1. Among the residues in the range 91-108, are any in a strand (DSSP E or B), farther than 23 Å from LEU60 by Cα, under 26 Å from the mean Cα position of the chain (by Cα) and touching a residue at least 12 places away in the same chain (Cβ under 8 Å)?
2. Got a sec? Which of SER34, SER88, SER82, SER44 is touching a residue at least 60 places away in the same chain (Cβ under 8 Å) and either within 16 Å of ILE270 (Cα to Cα) or part of a helix (DSSP H, G or I) (or both)?
3. Test VAL187 against the criterion of being in a loop (DSSP other than H, G, I, E, B), in contact with a strand residue (DSSP E or B) (Cβ under 8 Å, 6 or more places away or on another chain) and over 25 Å from ASN291 (Cβ atoms), and give yes or no.
4. Exactly one of (1) without any contact (Cβ under 8 Å) to a residue 40 or more places away in the chain; (2) surrounded by fewer than 16 Cβ atoms within 10 Å (Cβ to Cβ) is unmet by ARG63. Its number?
5. With the requirement that a residue be assigned to a strand (DSSP E or B) and not polar (S, T, N, Q), what does the range 63-79 give you?
6. When the residues of the range 214-267 are filtered to those that are over 27 Å from GLY46 (Cβ atoms) and of a type in the set (D, E, K, R), which remaining residue is nearest to the chain's Cα centre (by Cα)?
7. Restrict the check to the range 109-120 and report whether at least one residue is among the polar types (S, T, N, Q), assigned to a loop (DSSP other than H, G, I, E, B), in the same structural domain as VAL278 (by TED's automatic domain parsing) and surrounded by fewer than 24 Cβ atoms within 10 Å (Cβ to Cβ).
8. Return the only residue of GLY77, GLY166 being touching a helix residue (DSSP H, G or I) at 6+ places or on another chain (Cβ under 6 Å), on the phi > 0 side of the Ramachandran plot and not assigned by TED's automatic domain parsing to the domain that holds GLY216.
Amino acid sequence: MNYLSRHARGIILALCAGFAVFGAAPARAQDYPSRPIHIIVPFSIGGAVDRPARVIAQELSKRLGQPVIIENKPGAGATIGSEVVAKSPPDGYTLLMASQTNAISASLYSKLAFRPIDDFAPISLIGREPGVLVVNPSLPVKTVQELIAYAKQRPGKLDYASSGNGSGQHLMAAMFTSMAGISINHVPYRGSAQATTDLLSGQVMVSIPGLAGMLGHIRAGKLRALAVTGVHRSPQLPEVPTLAESGLKGYSAYVWMGLLAPRGTPAAIIERLHRELVAVLALQDVKQYMNNASIETVGSSPAEFGAYFREEKERWAKIIKETGARVD
């Protein structure tokens, strides 16, 4: 009888503890945030994802009443920084600024210590921008067709830069070379900054980075734009045709960015972050920045972003299979 009494008391105490923890979760969400939030950008400083992330983080800090700190953890096709977030506590204090590279990684890497889609909770698709096919001005080509002809006459003699194996830049260029039927060597870098530096200096001659980071160089004549990768011409470069217009029918690709949290993050925290993020994207200064950078602002719901993320995964998986792209 004494055993049963002790056993019963143990069950009651365990249940009470469980209810206490369950009841505490909404309270923690309600108090969120109570300390600095870290957004991991899995790319180098100054890249196409990093710059908008810093603009957004600054405004989020004001609305959330806590510092929102950007941490750059580049490398391995964005998987290094992404793994950090996937394995972080699901408390809303470590987030990931994801891009199409995360959707690519889901198919490009056969062995990862995390699941590129299933280990995250979507918050919002922030925006998207077209890529731009650029060449160093010393290369004697002024159109896409001239570049294709030049490359066909010199198979394996040209190099194209990307921000890393498995990055969006890598796959956009791989799709281009496949559709154009040309052979150009892939030179992967550890992020966009060094790739751009070598492109400007002529160490490599071709690249398809996001348009936002290239506008200044294009307007200054330091790089020559041959085409954009979107469905429509960019308002920032209306004289530059799309790749589809330039003979590669059906080609379209975008650099996108969205905010993710670790899987299991409380719904109340996801909702708070989504609400504040959408409000930030509606600010006039932020809208102006996005427009100037040729970024189409989206601000989707968590469910919409989750669906888009999975669609992108399937889309790039098909391209990876068709082009034979791989991580060396």
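1. no
2. The unique qualifying residue is SER88.
3. No: the conditions fail for VAL187.
4. Single failed check for ARG63: (1).
5. Once the filter is applied, which keeps residues that are assigned to a strand (DSSP E or B) and not polar (S, T, N, Q), the range 63-79 yields VAL68, ILE69, ILE70, GLU71.
6. ARG263
7. Within the range 109-120, one or more residues are among the polar types (S, T, N, Q), assigned to a loop (DSSP other than H, G, I, E, B), in the same structural domain as VAL278 (by TED's automatic domain parsing) and surrounded by fewer than 24 Cβ atoms within 10 Å (Cβ to Cβ).
8. GLY77
The values are calculated or read from the model by the stated rules, or taken from the named source; none is laboratory data. These numbers were taken from a predicted model, which means no experiment stands behind them. FYI the Cβ positions are ideal-geometry reconstructions off the backbone, even for glycines, and counts take in every protein chain you see.
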